[in-house]
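Below: the structure, in structure tokens.
The values are calculated or read from the model by the stated rules, or taken from the named source; none is laboratory data. Please read these numbers as outputs of a predicted model, since none were measured by experiment. Neighbour counts run over all protein chains shown; Cβ positions are idealised from the backbone, glycine included. We work out accessible area using only protein heavy atoms, side chains counted, and drop any ligands, DNA or RNA first. Shrake-Rupley method; radii C 1.70, N 1.55, O 1.52, S 1.80 Å.
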Amino acid sequence: MNYRHVFHAGNFADVHKHVALVCILQRLQRKETPFAVIDTHAGRGLYDLSTAEAARTGEAADGIGKLAAHSAETPALAKYLSVVRTFGPETYSGSPAIAARLLRPQDRLVAIESEAGEFHELASVLARRPNVRCMHADGYTSLSRLLPPPERRGVVFMDPPYEDADEMQQVAAAIGAAHRRFATGAYAIWYPLKSEVPAQALAGELESAGIRRLLSLIMDIGSGKHDAPGRLGASGLLVVNPPYGLDAEMRDAQAELLPLLKRGGGAKSDIQWLIGEP
């Protein structure tokens, strides 16, 4: 695996997707019954922002760095910032570390990572955490075997590197197979938004798989005049079976985030239902 998230940790896309993850978990916790979180591409869990790799791209400074002194107004953003700040200003917490911090005693996390070095770091970060299991495995092929969870409630968080040309197809196949086993679960799927065509194709594949509720969350921070060619400026999250009220809360959170994260002209955020209704 050539992709190393340390170069991108804490960027605008991480901020957006992790605020959405916090919002989903908080809404699931409105019921006392337990739920499971399955993170299919967990990474190493924590990222040192003081390393040369992180400094080389400057993406964290353009993301979480812009929120360093921000006092959040929306609940999901406020909770997200309270969690990531506990790790210190030079460390960014990935999705498994955030989820682990938010688990109640009755909830459970399964964090999957396929790359050996990243998995070793992940297992160290999550060691001795109650109700947490780390798996050194392929997230796509392992997912269906973990479903349905014994709790019968849960969310699958899928944040692939998108290295392979057919990765969107792998995502669609994995989510389709998972949905057949766990049709009531929530699924949050991150993707880079370089063209609307792959995302539209993915939404079409999910609808063909029988999914009847699909929410799209998009954050486009625009392009700055000094941006390197090809630098990511927009990404999205597709949420299957979003918890009630996620659309309204994330609309407020994105409205608060956009002026803080925008780089240049054309910045915008968008929330819309692609399949089904609120």
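Which residue, MET158, MET168, MET250, has the most motion in a Gaussian network model of the chain that connects Cα atoms within less than 10 Å? Answer for the Gaussian network model of the chain: MET168.
Would you work out what percent of the accessible area of the stretch 68-157, with all protein chains in place, is carbon or sulfur (probe 1.4 Å)?
On the way: 2120 of 4160 Å².
It is 51 percent, rounded to a whole number.
Its DSSP H runs of at least 4 residues, each contributing -39,500 (n - 2.57), put the calculated 222 nm mean residue ellipticity of the chain at -11000 deg cm²/dmol, to the nearest 500.
Rounding to the nearest 20 debye, state how big the charge dipole of the chain is about its Cα centre with +1 on each Lys and Arg Cβ and -1 on each Asp and Glu Cβ.
Numbers: 30 positive and 32 negative charges, 171 e Å.
In debye, rounded to 20, the chain gives about 820.
When a/c is below 1.5 the answer is rounded, else prolate if a/b is larger than b/c, else oblate, so apply that to the stretch 27-164 with a ≥ b ≥ c taken from the square roots of the Cα gyration tensor eigenvalues. Oblate shape, in that a/c is at least 1.5 and b/c is the bigger or equal ratio. Cross-link reach is defined here as a Cα-Cα straight distance under 13 Å, omitting same-chain residues fewer than 8 places apart; for LYS194 the aspartates and glutamates meeting it are ASP220. So if I place +1 on the C-beta of Lys and Arg and -1 on the C-beta of Asp and Glu, and nothing else carries charge, what would the dipole magnitude of the stretch 121-278 be about its Cα centre? I want it in debye, nearest 20. I would put it at about 460 debye.
Rounded, prolate or oblate: pick one for the stretch 64-121, where a ≥ b ≥ c are the square roots of the eigenvalues of its C-alpha gyration tensor, a/c under 1.5 means rounded, and failing that, prolate if a/b is larger than b/c, else oblate. Here the stretch 64-121 falls in the oblate category. Among SER82, ALA234, GLY139, which residue has its Cα positioned farthest towards the positive end of the charge dipole of the chain, with +1 placed on the Cβ of Lys and Arg, -1 on the Cβ of Asp and Glu, and the dipole taken about the Cα centre? Value: SER82. Built from the Cα atoms of the stretch 20-77, the convex hull projects on average onto 5.7 nm², one quarter of its surface area. Going through (1) 14.5; (2) 17.4; (3) 13.4, the figure that equals mean projected area of the Cα convex hull in nm² as computed for the structure here is (3).
Of all beta bridges DSSP finds with both residues in the stretch 1-135, what is the antiparallel percent, to the nearest 5?
Details: 3 of 11 bridges.
Antiparallel: roughly 25 percent of the beta bridges in the stretch 1-135.
For the chain, the solvent-accessible area works out to 44 Å² per residue, with a probe of 1.4 Å and every protein chain left in place.
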